[in-house]
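The values are calculated or read from the model by the stated rules, or taken from the named source; none is laboratory data. If you're wondering where the values come from, they're calculated on a predicted model, not measured in any experiment. As a convention, Cβ positions derive from the backbone with ideal geometry for all residues, glycine included, and neighbour counts pool all protein chains shown.
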Amino acid sequence: MTSTISQASDEASSEVSSDHGHEEHGDFRMFGLATFLVADAMTFAGFFAAYLTFKAVNPLPEGAIFELELPLPILNTVLLLVSSATFHKAGQAIRQGDNGRCRRWLLISAGLGIAFLASQMVEYFTLPFGLADNLYASTFYAATGFHGLHVTLGALMILIVWWQARPEGGRITAEDHFPLEAAELYWHFVDGIWVVLFVILYLL
Amino acid sequence: MTVATPPEIQSAVPRLQPSGWIRYFSFSVDHKVIGLQYLVCGFAFYLVGGALAGAIRTELASPVSDFMARDVYNQVLTLHGTVMIFLWIVPVVNGAFGNYLIPFYVGARDMAFPRLNAVAFWLIPPAGLMLISSYFLTGAAQSGWTAYPPLSITTPAAGQVIWILSVLLLGGSSIFGGINFIATILKLRRPGLKLMQLPMYCWAMLGTSILVVLSTPVLAGTLVLLSFDIVAHTGFFNPGLGGNVVVYQHLFWFYSHPAVYIMVLPAFGLVSEILPVHARKPLFGYVTMVYSIMAIVGLGLIVWAHHMFTSGTPPWMRLFFTIATAFIAVPTGIKFFNWLATIWGGRINLNSAMLFSCGFIVNFVLGGITGVALAQVPFDIHVHDTYFVVAHFHYIVFGGSVFVVFASVYHWYPKFTGRMLHEGLGRLHCALTFIGFNLCFGPQHWLGLNGMPRRVAEYDPQFTLINQISSVGALLMAVSTLPFLWNVVQSAISGPLAGDNPWNALTPEWLTTSPPPVENWVGEAPLVEEPYGYGVPIDQLDLAATSGRDLWSSGK
């Protein structure tokens, strides 16, 4: 079996089955994911830059409504921060080889993420402005909506990892748990973005 | 053609991937196959973009709009710009040569993420076909490759939305590619290979990929907002709804100025590989080259508003971006003089690759000078949106990047195919391209200085003669493609065999067979500590010592 073929069959695989031409190399999937998240963060940076510029130079016309309530977003912030902590507990559990405990923490994390989405929905439906009502409203929905999309994907990832961590026939073990680590990094990233978003959209 | 893999190994290869010509149409994960896929696919789109350019120059051969309707003209120029930038230059200087060469240069068997690599390539053909088909289905976008609102909001929506979708797909492809290059260069280097020993193209690709990762997502987000303005009638960039068009311009140029470097930095890298080989001298000023590239990356992210001096930019912003742009000319100039010093006093082999490289140096310095001029506010306000700008950026992207693409094809064709190109046809191609290019775009400086606006199908009759000269140049450029096409097809079938290393080059891709085996080297990858160790007589050049050929012959 030659190197390229084995790399092709699974670039992540660290198994070495050939007699020549296959140098073992470190696992740089997390590095790739982190690079991707830098790119992802730049998308948000573009939205935030647009929002701040609009705020600075484009005053709303007379009668336009853009008012945000704080209680619900504060609850959302708490939900996401706690979910980051619970995901961290799940990671600790899997490193100790405790799939059962890991899966419980994962379920709690996913539940918190879904609660965030539900709470965000409630906020959307109670806000006194719609997507196309005015400039600030549009930017608010674009930024929070794009973030909500990330939370949705993240929650799905957690559920997939939960399935992969099942004790019988699952692929996630104490030794090999890349999907969990990747989902964890992503989830922390999404939470971090939320904190920045919260400050810029709700507090400033 | 040399068969790379010894028979006993070949039989042991499980056929997980197609082999033979069919692999070029498959979801292959071999970086060499993907590189050639990028190259050929990009060249096909180049022919489309060239045909569109031909239509533009035909229309402009007379001052009235007689060859096509004005709205068709708008569609044609939009498609021309988009196809040439997003489907030809960016994929080819990054994807094609990057994929083919970078794993060799870092001493790896493949890219860091081979499947992501294949995904990145296969986003391109559908996006390109979608973009071009919009012309026939709904009418293509009419707002130019910049898609400035409010024009992009008020022109027919369907074409513009398809344009946005294609550019988003191509941007995604570009980001995936960028991530892959960064991981490959930083993480997949062969043990013992230090960063400062890498061939210069690696540094160019590292810098380019950093720009891709940092700036392309901003364009993606911006285009999503633009599509909301079109589809959901939001008012981000619609002044009628309280929006701000200048914010679009800022976000757009935050990507699209770095995009110029995404198109030209890899070309800098490629030409830095070609010149030392054919001048038989080490690359001059390696370390300053590296720092220049990184300086261009850093400064390239903070010069974007020099595209917007007529957009009501405040004085402090004009001042800042003028100065930043003047600064970026410094590292660029360092590279220019390094190339001159590289060929200075060398034993220059004036073959097609070298001729195209020299053409690049000449054209690029002209485009660079007009670029610095354009960054000066008083001058820019005079020539903004005139043919002077058209001439300037064609000197950069065609006279710069495309000349290097052709130089690279002449240089690496023996590696790709194991056969040599016909030298006479190559020189004919180079002469026709150089004359045609300068005839086409040189006079456009004059047109712009005298006030001919860009992107219009009709113009003042006093400009007729110069426009006709320009169109003749365009025709010459079109003709110049014919010897090239004949050459690459004919030579692939019956060109003389090249041998493994026809240029006696020292960079790692030449230290294996031509074309290379699937895993790039049989045996260990060579450790090339001095990729530019030329300057000794050829008979003293110890290729065998660096090439790992002893491993190869002993069958290990």
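Take segment B:108-125 and flag every residue that is touching a Phe, Trp or Tyr at 6+ places or on another chain (Cβ under 7 Å) and either at the interface with chain A (Cβ under 8 Å from one of its Cβ atoms) or closer than 11 Å to B:Leu188 by Cβ (or both).
Answer for segment B:108-125, where residues must be touching a Phe, Trp or Tyr at 6+ places or on another chain (Cβ under 7 Å) and either at the interface with chain A (Cβ under 8 Å from one of its Cβ atoms) or closer than 11 Å to B:Leu188 by Cβ (or both): B:Ala112, B:Leu116.
Could you tell me how many of the residues in segment A:125-136 are away from chain B (no Cβ under 14 Å) and surrounded by 15 or more Cβ atoms within 10 Å (Cβ to Cβ)?
1
Here are the criteria: (1) more than 23 Å from the chain's Cα centre (by Cα); (2) over 15 Å from A:Leu197 (Cβ atoms). Tell me which single one A:Ile158 does not satisfy.
Status for A:Ile158: all satisfied but (1).
Are any residues in segment B:499-511 farther than 22 Å from B:Leu283 by Cα and either crowded, with 22+ Cβ neighbours inside 10 Å or charged (D, E, K, R) (or both), and if so, which ones?
Matches in segment B:499-511: B:Asp500 only.
Taking segment B:516-533, which residues are more than 14 Å from chain A (Cβ to nearest Cβ) and surrounded by fewer than 22 Cβ atoms within 10 Å (Cβ to Cβ)?
Within segment B:516-533, B:Glu529, B:Glu530, B:Gly533 meet the criteria.
Of the residues A:Asn99, A:Asn58, only one is surrounded by 15 or more Cβ atoms within 10 Å (Cβ to Cβ), away from every other protein chain (no Cβ under 14 Å), in contact (Cβ under 8 Å) with a residue 40 or more places away in the chain and not hydrophobic (A, V, I, L, M, F, W, C); which?
The conditions single out A:Asn99.
When you go through B:Ser480, B:Ser401, B:Ser470 one by one, which is the residue that is touching a residue at least 60 places away in the same chain (Cβ under 8 Å), touching a Gly at 6+ places or on another chain (Cβ under 9 Å) and either small (Gly, Ala, Ser) or farther than 28 Å from B:Gly333 by Cβ (or both)?
On the way: B:Ser480 fails: touching a residue at least 60 places away in the same chain (Cβ under 8 Å); B:Ser401 fails: touching a Gly at 6+ places or on another chain (Cβ under 9 Å).
It is B:Ser470.
Scan segment B:194-209 for residues that are touching a residue at least 12 places away in the same chain (Cβ under 8 Å) and either outside any loop (DSSP other than H, G, I, E, B) or within 12 Å of chain A (Cβ to nearest Cβ) (or both) and jot them down.
B:Met196, B:Gln197, B:Met200, B:Tyr201, B:Cys202, B:Trp203, B:Ala204, B:Met205, B:Leu206, B:Gly207, B:Thr208, B:Ser209
All but one of (1) on the phi > 0 side of the Ramachandran plot; (2) part of a helix (DSSP H, G or I) hold for A:Ala56; state the number of the condition that does not hold.
Condition (1) is where A:Ala56 drops out.
Given the residues A:Leu131, A:Leu117, A:Leu79, which is the only one that is in contact with a Leu (Cβ under 8 Å, 6 or more places away or on another chain) and under 22 Å from A:Ile193 (Cα atoms)?
Testing whether each residue is in contact with a Leu (Cβ under 8 Å, 6 or more places away or on another chain) and under 22 Å from A:Ile193 (Cα atoms) leaves just A:Leu79.
Take the residues in segment B:210-267 that are hydroxyl-bearing (Ser, Thr, Tyr) and more than 30 Å from B:Trp339 (Cβ to Cβ), then tell me which one is farthest from the other protein chains (Cβ to nearest Cβ).
B:Ser227
Picking from A:Leu107, A:Leu135, A:Leu153, which residue would you name as being in contact with a Phe, Trp or Tyr (Cβ under 7 Å, 6 or more places away or on another chain) and farther than 30 Å from A:Ile65 by Cα?
A:Leu107 is the lone residue from the list that is in contact with a Phe, Trp or Tyr (Cβ under 7 Å, 6 or more places away or on another chain) and farther than 30 Å from A:Ile65 by Cα.
Has segment B:23-46 got at least one residue that is among the aromatic types (Phe, Trp, Tyr) and more than 21 Å from B:Tyr100 (Cβ to Cβ)?
No, segment B:23-46 contains no residue that is among the aromatic types (Phe, Trp, Tyr) and more than 21 Å from B:Tyr100 (Cβ to Cβ).
Yes or no: B:Asn94 of a type in the set (S, T, N, Q), buried (at least 23 other Cβ atoms within 10 Å of the Cβ) and within 14 Å of chain A (Cβ to nearest Cβ)? Quick ask: steps written out before the conclusion?
On the way: of a type in the set (S, T, N, Q): yes; buried (at least 23 other Cβ atoms within 10 Å of the Cβ): yes; within 14 Å of chain A (Cβ to nearest Cβ): no.
Answer is no for this residue.
Among the residues of segment A:85-97, are any out of contact with any Phe, Trp or Tyr (no Cβ under 7 Å at 6 or more places or on another chain) and at positive phi?
yes
When only residues in segment B:117-154 that are β-branched (Val, Ile, Thr) and surrounded by fewer than 22 Cβ atoms within 10 Å (Cβ to Cβ) count, which is nearest to B:Ser28 (Cα to Cα)?
Step by step, filter segment B:117-154, then rank; the result is B:Val119.
Select from segment B:378-417 the residues that are of a type in the set (Val, Ile, Thr) and within 16 Å of the chain's Cα centre (by Cα) and list them in ascending order.
Filtering segment B:378-417 down to residues of a type in the set (Val, Ile, Thr) leaves B:381, B:383, B:386, B:389-390, B:396-397, B:402, B:404-405, B:409, B:417.
Across segment B:378-417, the qualifying residues are B:Ile396, B:Val397, B:Val402, B:Val404, B:Val405, B:Val409.
Can you spot a residue in segment A:156-176 that is part of a helix (DSSP H, G or I), more than 14 Å from every other protein chain (Cβ to nearest Cβ) and small (Gly, Ala, Ser)?
no
Find the residue count for segment B:155-170, including only residues that are within 14 Å of chain A (Cβ to nearest Cβ) and either over 21 Å from the mean Cα position of the chain (by Cα) or in contact (Cβ under 8 Å) with a residue 60 or more places away in the chain (or both). It would help to see each step written out before you state the result.
Step one: filter segment B:155-170 for residues within 14 Å of chain A (Cβ to nearest Cβ), giving B:168.
Now restrict to residues that are either over 21 Å from the mean Cα position of the chain (by Cα) or in contact (Cβ under 8 Å) with a residue 60 or more places away in the chain (or both): none.
Residues that pass the stated criteria total 0.
Can you tell me which of A:Ala39, A:Ala110, A:Ala85, A:Ala115 is within 14 Å of another protein chain (Cβ to nearest Cβ) and under 24 Å from A:Phe146 (Cα atoms)?
Working: A:Ala110 fails: within 14 Å of another protein chain (Cβ to nearest Cβ); A:Ala85 fails: within 14 Å of another protein chain (Cβ to nearest Cβ); A:Ala115 fails: within 14 Å of another protein chain (Cβ to nearest Cβ).
A:Ala39 is the lone residue from the list that is within 14 Å of another protein chain (Cβ to nearest Cβ) and under 24 Å from A:Phe146 (Cα atoms).
Answer yes or no as to whether B:Leu475 is closer than 27 Å to B:Leu101 by Cα and either within 21 Å of the chain's Cα centre (by Cα) or touching a residue at least 60 places away in the same chain (Cβ under 8 Å) (or both).
Values: closer than 27 Å to B:Leu101 by Cα: no; either within 21 Å of the chain's Cα centre (by Cα) or touching a residue at least 60 places away in the same chain (Cβ under 8 Å) (or both): yes.
When the stated conditions are applied, B:Leu475 does not pass them.
So B:Phe441 ticks every box in (1) out of contact with any His (no Cβ under 7 Å at 6 or more places or on another chain); (2) modelled with pLDDT of 95 or more but one. Which box is left unticked?
The number of the failed condition is (1).
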